[in-house]
Amino acid sequence: MKSLNSISSFLFKKKKINKEDKKKKIRLKYLSHVLTKQEKVIILFLFCAALASSSFIFFNIYARHVDIKPDFGGNFVEGIVGRPQYINPLLSSANDVDMDLAGLIFSGLMKYDSNQELAPDIAESYEVSEDNKNYTFKLKQNIKWHDGEPLNADDVVFTVQTIKNPDFQSSYLPNFENVAIKKIDDYTVTFTLTGEALSPFLKESTTFGIIPKHIWEDVSPNKSLLSEYNLNPIGSGPFKFKEFKKDKRSGIIASYTLERYQEYFAGSPYIDNITFKFYDDYSELINALNKEEIDNISFIPSEEIENIKPEVKNQLFFYNLRLPRYYALFFNQPKNDLLGSKEIRQALAYGTNKQEIIEAVFGGQGVEIDSPILENFLGYNPEIKKYEYNKDKAGELLHKFGFNKINKEGIREKDGKALELTITTTNQKEFSELSDILKKQWKEIGINVKIKALDPTELQTDYLRSRNYEILLYGQLLGHDPDPYPFWHSSQRNDPGLNLTSFKDKTADDLLETARKTNKAEERQTKYIHFQNIMAEELPALFICSPTYPYGLNKKIRGVELDFITIPSDRFTDIKNWFVEINRRWK
């Protein structure tokens, strides 16, 4: 009986509680009808504040107690204009696609890091003799080729001997004509400069990719271009060859895939696979990007960027990478007496609006320059004399020189003769646009400019070699070492030299000669600053700008540090540290 009373009491209480719950629910249901609008806003605000506060506390705790680190895995697909031909570091320098692939597959004695500083690659250390003629390298002993065979001094010696064999047709041959190599032991080699000591040797001639002796020793040098290993390479770099696919109709290579090399001596990369897809032109490349068939886009002209769909563009981060190339006007003084006058050359400098050129021709992707030695290179002098755009100053100089009358066409005259100059350049798009702007700018200071736009081959054979031009609008591409000797020493004024002006200065020659014979950075720095000051004063050329290399990288790829590159393939210098996947762990 007592038990029944307990059960009855429990049921009564539960029934009572249920009634109370129903009453509360009814009250809440009709609460919105009772509250004023202001009270509703206050309650909503308090609710949102509480939610935001809770979220902040949660994410703060999460951030403090969770490590986010790169993880292995992930892929990306990069589009590029061009096709692979010889994925061989000794043959690849003429083709950007080949250089991109070879740079990922092969390693050199030395390499350039993400700051474009020279650093050991397969070399463990190196020593330079006091006379700067002997360079001894000790190799790391844990390196294996992608097929598992060990890499040692025999491979380095074989690679250099292959370069020196004319039948192999390597573009590096000129670098090693006066260089001997000797194996000291299985992991030590010495290079000896048999000619004069040259400080650029270390920077320019030790980063070439090493090829495996056990693969290439059975390939005849005069048949090297036909070898299957040019498309199925064996290297020692961070990525190794996986596969390539051909277009079914044309039979040309449409894509090329690399996979990470897990036994890479510097540590396995994070990314599993990289696929390159190849296109004939930039319109095809942009079309593939808009269809999201590719993740990244290699070099893209500034005028093409506007053709990328906004939603696709939002997925990219554009790096404007600095390259050691520049555009300049080279004054050939013997071809026109006017150019022999410093006042005329200075007037041309003051009358040139470099920023307008960068905006109009390169879409703002470039920097103004005033010297042949660019920023981030040894000897760069930010304090060099500059000729800022000043039309009035230009006019004063021309007036002082005697061109003080202006005809009805707006051209200055002296003794009844109009002030007229001819610019010779190539008929390529950017040069044509640049020359048209110069013509307009110089017309504004009273100079009539004629443009002679030529096919690049005709320009090279019929004009550059014979120095048959008044003013040459041209570009020059520098190497990793800033050595200006090949471009500005007076001994290089005639073909095949690269001094494109009549510039000859005894002091400048001495500075260039002695600077390239020492490895002391401070001494070279001082000499190059002095040389640049001479150039700025004498003005044998007008340096205009250094365009940047726009590289579109998908935002899913992290760990990227890019600023300066020397060649396009340098964008992958630090690729071992790029990652797509993330590993989250509680601390």
Distance in Å, no decimals, from the C-alpha centre of the stretch 288-321 to the one of the stretch 452-487 is 32
Only helices counted: for the chain, with every DSSP H run of 4 or more residues adding -39500 (n - 2.57) and the sum spread over all residues, [θ] at 222 nm is -9500 deg cm²/dmol
Percent antiparallel among DSSP beta bridges confined to the chain, nearest 5, equals 80
Among (1) 1.12; (2) 0.99; (3) 1.15, the entry matching Rg/Rh (Cα atoms, Kirkwood Rh) as calculated here is (3)
Violations at 31 Å Cα threshold for listed pairs K443/K506; K182/K506; K245/K429; K240/K555 -> K443/K506; K182/K506; K245/K429
In whole angstrom, the spacing between the Cα centers of the stretch 332-396 and the stretch 204-273 equals 43
The stretch 396-514 accessible area per residue, 1.4 Å probe, protein heavy atoms, integer Å², reads 49
Sorted by chain and then number, the residues having a modelled amide H within less than 5 Å of the amide H of F564, at least 5 places away or on another chain, are R322
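With the Cα gyration tensor of the stretch 407-544 giving a ≥ b ≥ c as the square roots of its eigenvalues, does the rule (a/c under 1.5 for rounded; else a/b larger than b/c for prolate; else oblate) give rounded, prolate or oblate?
prolate
Which percent, nearest 5, of DSSP beta bridges in the stretch 353-478 are antiparallel?
Working: 4 of 13 bridges.
Among the beta bridges of the stretch 353-478, antiparallel pairing accounts for roughly 30 percent.
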Protection proxy (average C-beta count within 10 Å per residue), highest first, orders 213-222, 200-209, 396-405 as 200-209, 396-405, 213-222
Longest principal axis of the chain (C-alpha) makes with the long axis of helix 153-164 (C-alpha) an angle, in degrees to the nearest 10, of 50
Rounded to the nearest Å, the spacing of the alpha-carbon centers of the stretch 500-569 and the stretch 413-435 is 27
Scoring the chain by relative contact order with C-alpha pairs under 8 Å, at least six apart, yields a percentage of 20
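What's the carbon and sulfur percent of the stretch 433-488's accessible surface, probe 1.4 angstrom, rounded to a whole number?
Values: 1030 of 2230 Å².
Of all accessible area on the stretch 433-488, carbon and sulfur atoms account for 46 percent.
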Helix 506-515: inclination vs the chain longest Cα principal axis, degrees, rounded to 10, gives 50
Going residue by residue through the stretch 190-200, the Karplus relation 6.51 cos²θ - 1.76 cosθ + 1.60 with θ = phi - 60° gives ³J(HN,Hα) values, rounded to whole Hz and with x marking Gly or Pro, of 10, 9, 10, 7, 7, x, 6, 5, 9, 5, x
Karplus ³J(HN,Hα) for the stretch 408-414 (6.51 cos²θ - 1.76 cosθ + 1.60, θ = phi - 60°; Hz, whole; x = Gly/Pro) runs 5, 8, x, 9, 6, 10, 9
If one compares the long axis through the Cα atoms of helix 521-538 with the longest principal axis of the Cα atoms of the chain, the angle in degrees, nearest 10, works out at 60
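The values are calculated or read from the model by the stated rules, or taken from the named source; none is laboratory data. Source: prediction; values computed, not measured. Cβ: placed from backbone, ideal geometry, glycine included. Neighbour counts: every protein chain shown. We work out accessible area using only protein heavy atoms, side chains counted, and drop any ligands, DNA or RNA first. Shrake-Rupley method; radii C 1.70, N 1.55, O 1.52, S 1.80 Å.
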